[in-house]
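Readers should treat all values here as calculations from the given coordinates under stated rules, not as data from a laboratory. No experiment lies behind these values; they were computed from the predicted model shown. Note that we place each Cβ from the backbone using ideal geometry, even for glycine, and neighbour counts take in every protein chain shown.
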């Protein structure tokens, strides 16, 4: 079998950033998949499931309520390796196009207080696996170390 595209990325040279992972076509519509890489693979500690789960609930809620991207958000969810998230948007985008959106999203997560949306037995199949303080800390680190000082090398996959 052929390697899938995400397994061809050199993870030894991959830093936190916002990368276009792939573009797919459904009829006339382009679906852009973004790799939101929060930690350096195989170097920094991975995120635990509780903060990943919390970020996923907050991000999905924020994105689907965004005035511009709400109707374009197809999916937001974690990578199996626990170093980041995938964001799928309807439309043909480049990484630089969504930097403001991702900055706003992670500012929202960093500053969020209160009950995590959907963190109840009726709404979620594993609602107890949440950690808002760690989710806020992860968001703060991604903002300060990557998003607010983003460079071209954080927007294009390494060779």
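Site pair residue 71 and residue 6 shows an inter-label distance of 2.9 nm when each label is modelled 7 Å from Cα along Cα→Cβ. In plain terms, the residue of 95, 21, 6 with the fewest other Cβ atoms within 10 Å comes first and the most crowded comes last, giving 6, 21, 95.
Going from the fewest other Cβ atoms within 10 Å to the most, the residues 22, 37 appear in the order 22, 37.
List residues of the stretch 42-63, by number, whose backbone nitrogen lies under 20 Å from a label position 7 Å along Cα→C-beta of residue 111. So the set is 55-63.
Rg and Dmax of the stretch 1-116, both derived from C-alpha coordinates alone, stand at 14.4, 47 Å. Each of residue 42 and residue 129 was given a label point 7 Å from its Cα along the Cα-to-Cβ line. The distance between the two points is 2.6 nm.
Spin-label model, residue 121/residue 90: points 7 Å from Cα along the beta carbon direction are separated by 3.7 nm. Computed over the stretch 16-159, relative contact order equals 31 percent, with contacts defined as Cα pairs under 8 Å that lie 6+ residues apart.
In the chain, helical runs assigned H by DSSP with n ≥ 4 each contribute -39500 (n - 2.57); averaged across all residues and rounded to the nearest 500, the mean residue ellipticity at 222 nm is -9000 deg cm²/dmol.
Find the centroid of the Cα atoms in the stretch 6-37 and in the stretch 72-141, then give the distance between the two in whole Å. Answer, in whole Å: 17.
Counting beta carbons within 10 Å around each of 85, 106 and listing the fewest first gives the order 85, 106.
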